[in-house]
Amino acid sequence: MDYHSEFRRSVDQPEDFWRDQAAKIDWIEAPQTIWQPTDNGHGQWFPDGVLNSSDVALDANIRAGRGDQTALIYDSPVTETKRSYTYNELRDAVATFAGALKDRGISKGDRVIVYMPMIPEAAIAMLACARIGAIHSVVFGGFAAHELAVRIEDAQPKAVITASCGIEVTKVIEYKPLVDKAIEQSSHKPDCCILYQRPQVQASMQAGRDYDWNELTAAARPIDPVPVKSTDPLYILYTSGTTGKPKGVVRDNGGHAVALNYSMNLVYDASPGDVYWAASDVGWVVGHSYIVYAPLFAGCTTILYEGKPVKTPDAGAFWRVVQDHGVNLLFTAPTAFRAIRKEDPEADQLSRYNVSSLKRIFLAGERLDPPTYEWLREHTRLPILDHWWQTETGWAICCNPVGIEMMETKPGSATVPSPGFNVQVVDMNGGQVPAGEQGQVAVKLPLPPGCLTTIWGDDERFQSSYLKPIEGFYSSGDGGYIDDDGYVFIMGRTDDVINVAGHRLSTGEMEEVVASHPAIAECCVVGAHDDMKGQIPIGLVLIKDGATIDHDELEDELVEMVRDKIGAIACFRRAMVVERLPKTRSGKILRRVIRQIADGEDFTVPSTIDDPAILDEISERFHA
Ligand code: COA
Ligand code: AMP
């Protein structure tokens, strides 16, 4: 089938289309009903299906004869370790840790927070939760204690699973004190904390609450997958919205398994046995979908890499991993290749390694800028494929559908809508915008399987954020256009979400932190262009009348506050004191104009501006 026929079938006959896809995974009870609308304006996929995601990821592969095939390779340049697990070994490790969770009283529907570095135990913990029907919520290790506390408060977990430390390029980051602080800050107290002690740090344990991973597993008996409903939540993954409170994206079991399995063929053209490497972190959606679940659903070998694109030890790190493990498909964020290119502009490192196994390189998480695309294309001579997606969707909304038909690549475009996603560019009333003109990129409902089903504990927020803004559509929050050939170009967020080194962050949340400083009267944070990280946050602050504080000192304090509350990952390093903030006469801060000034772009002075002279003042400050 060609792409256009497949796409048309997916939107004209979605039930037939997804019934066929559902038949490709192992169910405990196959669904009879494919789609059922619900009264929250959305609906449920495969509502009467029963399965277990850990069964689909592990046991099903063993039943298919892949028990001795490598399922997961852990490659850690920061600890100089390499370890691999066959499907049999990974299933045994998961089943045993699932037994340990059960012994701690954790069962179906309970939430479990996983706050771990990139070690195999992180994936084992996730799959073990899935095996007993518990709902995991992985929190990225770069987030500070406060962010972890917010998630504990919201998800109300029965357990927190962590490790004694994470290892960054030159430093060891102790995780346990952060977990202790987060539990202290949260009014919800988990029953237990399971700690994986790494050799680099022996963390202290709190008697009666903390348990050692190895001791628990030594005493545990492996357990079989517990049947769960297709619509039962598999996980909650928090992502930045426009306010200080992150959104707990809820993913179901059945739709997720069907969609990710389909995506492995459609988007990546992966086959069982292929070595698939998503160079990301399990704390992000890319890690959930394409380090842990999808490659295993599809019978591939997945790589879990504890390192960076550069400095671990050099800009040849990615090519070394490709060579050592015979990687066939590589997926990462453009920022990783910008970092490699900066250190190795002529790609000299590439010629040191044999990367002949590599068939395609995939990029997502932020716009693939044409210079990075051209550099990769020139030096690797491989297909370089951009695809656009979000935490909310869990898999690509737009891609080059290589599993069906390799389409011509247009630099700057994520290519075409994936079957199942009826992508349209509309105005706020849902009216179609002509080809080539920018508007809101939206998906006509229903969304395909695999996308969020609600926001944890706040269905009203799910509706008001995604379904209500444009009636009949899912609002992506991204702006862009579709050209005459149907290619989709994503140009950036239309809200206060920014993208720093492929990490999604909220400027609104940073503003809340900055505004809590006693000397600050008012502030705004915008995402300014950065050559390597795509965007970095910059704060403009107004000091309260009568407050006397040295401006450099204030900046240092604000930078420290954001590191402490959100985490180093926010990369908030600049806060400029200004006399006034540019506003409309109704008092709305002109963030877009501030961002354009920061980026040195041309801008139109809005007719509603209160005092146009401020813009010159700000421009001088930015470009001083
Ligand atoms: N745990 C604790 N701290 C972490 C962390 C983690 N897992 N990950 C990052 N940090 C810290 C870093 O140590 C750094 O702290 P510092 O300010 O004290 O030095 C800060 O967060 C910023 O880190 P990072 O974004 O990694 O910046 P960098 O300048 O060290 O590296 C890149 C730049 C481009 C190499 C890096 O951002 C990168 O690898 N990006 C790829 C991102 C990616 O894969 N995204 C997933 C989406 S697909
Ligand atoms: P996250 O939820 O962290 O995956 O971030 C999703 C956001 O990242 C999207 O809403 C986009 O703004 C941006 N994004 C992801 N992939 C792409 C891409 N291929 N092109 C442009 N923007 C992207």
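Every read-out reported here was derived from the displayed coordinates using simple, explicitly stated rules and does not represent laboratory data. In this text, all values refer to a predicted model and were calculated from it rather than measured experimentally. As a convention, Cβ positions derive from the backbone with ideal geometry for all residues, glycine included, and neighbour counts pool all protein chains shown.
Projected label points at residue 599 and residue 242, each 7 Å from Cα along the beta carbon direction, are separated by 1.8 nanometres.
Can you work out the FRET efficiency for the pair residue 409 and residue 26, with r the C-beta to C-beta distance and R0 = 35 Å, to the nearest 0.05? My answer for the efficiency is 0.50. The label point for residue 103 and the one for residue 84, both projected 7 Å from the Cα toward the Cβ, are 3.1 nm apart.
Computed over segment 501-622, relative contact order equals 22 percent, with contacts defined as Cα pairs under 8 Å that lie 6+ residues apart.
For residue 64 and residue 560, the difference between the fully extended length at 0.36 nm per residue and the C-alpha to C-alpha distance is 173.3 nm.
Taking each DSSP H run with n ≥ 4 as -39500 (n - 2.57) and averaging over every residue of the chain yields -8000 deg cm²/dmol at 222 nm. When each of the peptides 154-166, 36-48 is scored by how many other beta carbons lie within 10 Å of its residues on average, the order from highest to lowest is 154-166, 36-48.
Less than 13 Å Cβ to Cβ from residue 121, Lys/Arg counted +1 and Asp/Glu -1: what total charge do the surrounding residues give? It would help to have the intermediate numbers written out before the result.
Numbers: positive: 83, 198; negative: 212, 306.
Once positives and negatives cancel, what remains is 0.
In plain terms, the chain from residue 33 to residue 374 could stretch by 118.1 nm, reckoned as 0.36 nm per residue minus the Cα-Cα distance. Charge dipole of segment 501-622 (Cα centre as origin; +1 on each Lys and Arg Cβ, -1 on each Asp and Glu Cβ, all else neutral): 580 debye, rounded to the nearest 20.
Neighbours of residue 453 by Cβ distance under 15 Å: Lys/Arg scored +1, Asp/Glu scored -1, total -3. Among 491-504, 445-458, 580-593, the peptide with the highest mean count of other Cβ atoms within 10 Å heads the list, and the full ranking is 445-458, 491-504, 580-593. With only the Cα atoms considered, the chain has a convex hull volume of 156 Å³ per residue. Bridgeable lysines around residue 102 (alpha carbons under 21 Å apart, same-chain partners fewer than 8 residues away excluded): 158, 189, 229.
With K and R counted +1 and D and E -1, the other residues having a Cβ less than 13 Å from that of residue 244 yield a net charge of -3. Ordered by the number of other Cβ atoms lying within 10 Å of each residue's own Cβ, fewest first, 578, 488 fall into the sequence 578, 488. Averaging Cα coordinates gives a centre for segment 63-131 and one for segment 446-487; these two points are 32 Å apart. Beta-bridge orientation, the chain: approximately 60 percent antiparallel, per DSSP, counting only bridges with both partners inside.
Note on the chain: dipole from Cβ charges, positive end direction compared against 371, 162, 211; the farthest Cα belongs to 211. Partner lysines whose Cα lies under 16 Å from the Cα of residue 544, excluding those fewer than 8 positions away in the same chain, are not found.
Taking 0.36 nm per residue of separation and subtracting the current Cα-Cα distance, fully stretching the chain between residue 464 and residue 221 would add 83.0 nm. Averaging 1/r over every pair of different alpha carbons in segment 501-622 and inverting the result gives a Kirkwood radius of 14.8 Å. Here each label is just a point 7 Å from Cα along the line to Cβ, and for residue 171 and residue 616 those points are 4.3 nm apart. Taking 25 Å as the straight-line reach from the Cα of residue 308, the lysines in range (excluding those fewer than 8 positions away in the same chain) are 82, 171, 176, 342, 359, 533, 565.
Between the alpha-carbon centres of segment 321-394 and segment 218-235 there is a gap of 36 Å.
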